[in-house]
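Below: one structure, written as C-alpha cells.
Just so it is clear, none of the values below were taken in a lab; they were calculated from the coordinates. Remember, predicted model here, so these are calculated numbers, not experimental data. Backbone-built Cβ (ideal geometry, glycine too); neighbour counts: all protein chains shown.
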Amino acid sequence: MPTARFHPAIAELPAATWDALGGTANPFVSHAFLHALERTGCIRPEWGWQAHHLGLYEGDRLVAAAPLYLKGNSHGEFVFDWSWASAWERAGGTYYPKLLNAVPYSPVPGPRLLAGHGARAPQLRQALAEAIRTETERLGLSSAHANFLDDGELEAFGNHWLTRSDVQFHWHNRGYRDFDAFLATLKPKKRKNIRQERAHVQAAGLDIRMRGGISLDNGDWRQIHALYEATFDAKGNHAALTPAFFEALGGMGDKVQVACAMDGARIEAMALFLQSDTTLYGRYWGACIEVPGLHFELCYYRGIEHAIAHGLQRFEPGAQGEHKLARGFVPVRTHSRHYLAHPQFRKAVREALVHEADAIDAYAAELDEHAPYAGACR
C-alpha cells in the first residue's frame, strides 16, 4: 500500500504530477490556483485555514493526492455544518479544528481525490479517503468533510462517511448557434423578461466586454479587486481573497475571464470567471454603480454568450440562487461526504440527514416543475 504523507504547503508537492493526477482541466484543483491562494495570504490560520495536503507515495513517487485543510471554523466552505458544530459543543465536545477536503472559498464541483484515470484509480481514491479518516482519528479531531465531489468519487467513501447532497443551478449548451437560439428554447415569458433586462443595460451606455486574463494589467486587477472587496463588505461578508491573489490570476492567462462594464478606461462593474476546456465557472461580482439588470448581464448573460461562442458544454455560475432558474439555469445535484469520529454523534447526524435528504428531494422536484424551457428542450 502507498504511504500517506501530509504537507503544510502545496509547494512541497510537484506541480506537474499534481495536475496530471487531477486528470482534468478544472482550474480550481490546479496546483497553480491552490498555490496562488497560499502564497498571496488567502490561506492563513487566523482565518481558519491551514494547509494539510495529503500525498500518497510509493517510494518517493507521488501516486495520488488530495487538497486538504485543517479548519478552525466553517467559513468559506458552502456546505453548512454550523448546526453540527453547535450541537457537538453544547454536548461538551470540541468541533474545531476539523479536516476539510475541498477547494477554499469555491463551491465548485470537481475532483477532490486526485488519482488519475488508470486502472488503479478507484483503489487509490479509496486509499485517499481512508487516509483522511485515519488522520482525523490520529489527530483526535471531531470530523472530516469532503465537499463538492465529482460523481465518480462517491464510491471511494465507505459506510463510516455520511452522505449529503444539495442543489446548484447550471446552464447546459445544447449546441446553440448564438444567444438568440438559446432564448428561442425558453418559455415566452422568460424570453421576454431577459430581453427587457438586457435592454435596460444597453440603455445605460456602458461599454461591456469579456476580457481574458492575459489582457488585464495589474492596474486592472486592482480595480477588479476593489469592486469585489467593496461589494463583499457592503453585504457584511469577509472578502478573503487578497489583491495579490487577483493579480496572480492574471498568470493563469485566458483560463480567467472577466466581464467588464467600462466607463471610458475605468471598470465600473465586473464578473469574474474561470474556465476549463468544457466549462465556464462564475465566481465573483462587484460594482460601484447601480444599473437595473447589470448583475444579470455580467454574471449570467455574458457568461452564456461566452460559453456558446467558445463551444463550452456547461456554465456553472456559483452557489444558490433560485433566480437563476428563470434565466436558463437548471437544478443539478452536488455531493459531499462527512466523517464524524464519535459513533453516537455520527448516528444522530445520520438520522437527521435522512430528513434533510427528503427535504432536498422535495425541493428539487418543485424546481423541476418550474423549468424555464419550453417543450422538448425542458
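Here are a few things to note about the model shown:
- Of the options (i) 32; (ii) 28; (iii) 16, only one is percent of Cα pairs over 40 Å apart as computed from these coordinates, and that is (iii).
- Proxy reagent accessibility, fewest Cβ within 10 Å first, across SER86, SER143: SER86, SER143
- When SER74, SER106, SER165 are arranged by Cβ crowding within 10 Å, least crowded first, meaning fewest neighbours, the order is SER165, SER74, SER106.
- If R0 is taken as 22 Å, the Cβ-Cβ distance between ASN193 and ARG314 corresponds to a FRET efficiency of 0.45.
- Across the cross-link table entries LYS235/LYS324; LYS189/LYS324; LYS71/LYS324; LYS190/LYS255; LYS98/LYS255, which are compared at the Cα atoms, the separations over 26 Å belong to LYS71/LYS324; LYS190/LYS255; LYS98/LYS255.
- For ARG211, residues with placed amide H under 5 Å, excluding near neighbours: VAL258, ALA259, CYS260
- Counting neighbouring beta carbons within 10 Å and listing from fewest to most, the residues TYR176, TYR363 come out as TYR363, TYR176.
- Under the Karplus curve 6.51 cos²θ - 1.76 cosθ + 1.60, θ = phi - 60°, whole-Hz ³J(HN,Hα) for the range 303-309, x wherever Gly or Pro sits: x, 5, 4, 5, 4, 5, 4
- Spacing of the two label points (7 Å from each Cα toward its C-beta) at ARG61 and HIS355, in nm: 5.1 nm
- Note on HIS75 and LEU154: the model spin-label points, each 7 Å out from Cα along the C-beta direction, lie 3.2 nm apart.
- Global form of the range 1-97, assessed from the alpha-carbon gyration tensor, a/c cut-off 1.5: prolate
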